[in-house]
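The values are calculated or read from the model by the stated rules, or taken from the named source; none is laboratory data. These figures come from a predicted structure and were not determined experimentally. Using ideal geometry, Cβ is built from the backbone for each residue, glycine included, and neighbour counts are taken over all protein chains shown.
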Amino acid sequence: MLTDQGQPAGLTANMSMAWAVSELHARHYVSLVRLARTLVDSTDSAEEVVQDAFERLIRRWDRLHDVQAMDSYLRRCVVNGCRDRIRRRVVRRTTTLETPLITLSAEDRALLSDQQQRVLDAVRRLPPRQRDVLLLRYFAQLSEAEVADALDVSKGTVKSNAHKGIAALRALAAKEAWQW
Amino acid sequence: MVTDEQMIAALRDTTQTLTADIVGRDDSLSDLLHQLPARQRQPRNRRTLPAILAGAAVAASVTAVALVGAHLVGTVRTPAEPGTAITSGGPYPTSAYFLGQHARDHATPDTVVVRVSDGKTVTTLPRFGNNGLDSPVLSPDGTRIYAAWGANPAHLGYYDLTSGRRVTLDTRPGILIGPSVSADGNTLAYEWSATLGDPEHSTSVVILDLRNGATQVLRDAPAGPQVLSMALSPDGTRLAVVPTKTTSRPLLLVSTATSDAFRAATTISSGSCSTQTAEPRWTRHGLYALRFCGNNRVNLIAVDPRGGTTARIQQLRTGGITAFTPIPGNDGDLFAIADQTQTPPTTPVGIYDPGSGWSHRTVAGIDGLQEVTSE
């Protein structure tokens, strides 16, 4: 269908949106995939989570009115998407395989040193909120306010969970006598 | 005993090792963009889209520089401002680098970045498939190479020189070609031929504000893409255009902000030479073009965009000019010029300084130039 100017109907609006999506994608896509990769056990899964996040963003486009809202929305989608996948993985393993939860995949083990494997394994065994706070705060390097926004919790909750998470890792390191 | 700082450092080190090589899916953005028109009609089916996109990515390549002007049909703002489009501190600022081509006699020559100071090729750009990047131009800050690729739908976007990613800014049916960036880096203009095979009547120019995504379409340009060329003024408010619909090919100046852009075009006098003009370039120091004067003479001219007068910078005693580009300095412009006196694929590029003449008369290994904008 053409408009009276001979332009396909809806094209202009979509071009503008295409530009904005492209900019957001350029700014955030790789960093979000990397963030997701720390939470899930394969790069493919991380890419799918982030792709889903952008698709959700497009579907909710009309309700998001500024850049900050879009940034925040994307991060929330990624964190929640990763949680969903972890939950499904845990359920699958515990109900069908009846084996203890293994947090590191073969891909993880191929990439990391022994010490790094211990660290990542320990982080992934933390309670979900502590795990998410640590990864957003210290890997994604978000501020406490941004982490609070991404996880939909208060800044106080971020601070306390970060403290608890680090303390738990330190305790584990001492107990297992990690070498530094 | 492990300290908090040690544990945080270990956490960062681990996650960085885990993710350092991750670049994501190549088709991620294309997948998303192709969902936009259909997103309100039907639920997504992401797994079916890559195949559609793979077909769309194969395209005819158009080889000439572009443009035109005409009817402003509207301005559309994005629902949100996605941030600044231009970053600072790119690796190849146009004050020190320009684009060239290797093996111009090949169907898809490699695009290379050349350093002005010594004429060395510092990098060769990826080809992105069989057709490569079409009409590449370097952003003034040296962070991006704007280019077109594909057809039906065509894509216009940039290759990010710092991250190595290709980003689509616009995709439309037909052909997109001939991007020109304003010297302030804020505005991009490019030609859109919506109806393939009918370039004389279906050409438009898209003006894209890179700061906020606002687009304007200047419709009904008076010529097709084959030999047209254009340049944005340093602030992006005007276009210097060489149309081909007329037999004389004059240099026209049109506004990018008025709906009657082409009706109100200013025609630059041809002076004593012929009226065949080509390849306008516009830096913060001046507006330049080539003017053909008989079979074996080409003048590089400077144009005063206010008064419309022209002045010859250099007469090039060659059989023709392949391309030229100004290289903006603090006090004025140098010019990289490729002429056709040598048999390809080794046509040399010379660096011409209006104050002192030629230097680096031959830039090794370069046999052509692409349009390059200026700071």
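Going through the range A:25-42 one residue at a time, which ones are modelled with pLDDT of 80 or more, surrounded by fewer than 22 Cβ atoms within 10 Å (Cβ to Cβ) and within 7 Å of chain B (Cβ to nearest Cβ)?
A:Val30
Among the residues of the range A:131-180, which ones are surrounded by fewer than 16 Cβ atoms within 10 Å (Cβ to Cβ) and either part of a helix (DSSP H, G or I) or within 10 Å of another protein chain (Cβ to nearest Cβ) (or both)?
Correct list: A:Gln141, A:Ala145, A:Lys155, A:Gly156, A:Lys159, A:Ser160, A:His163, A:Ala167, A:Ala171, A:Ala174, A:Lys175, A:Trp180.
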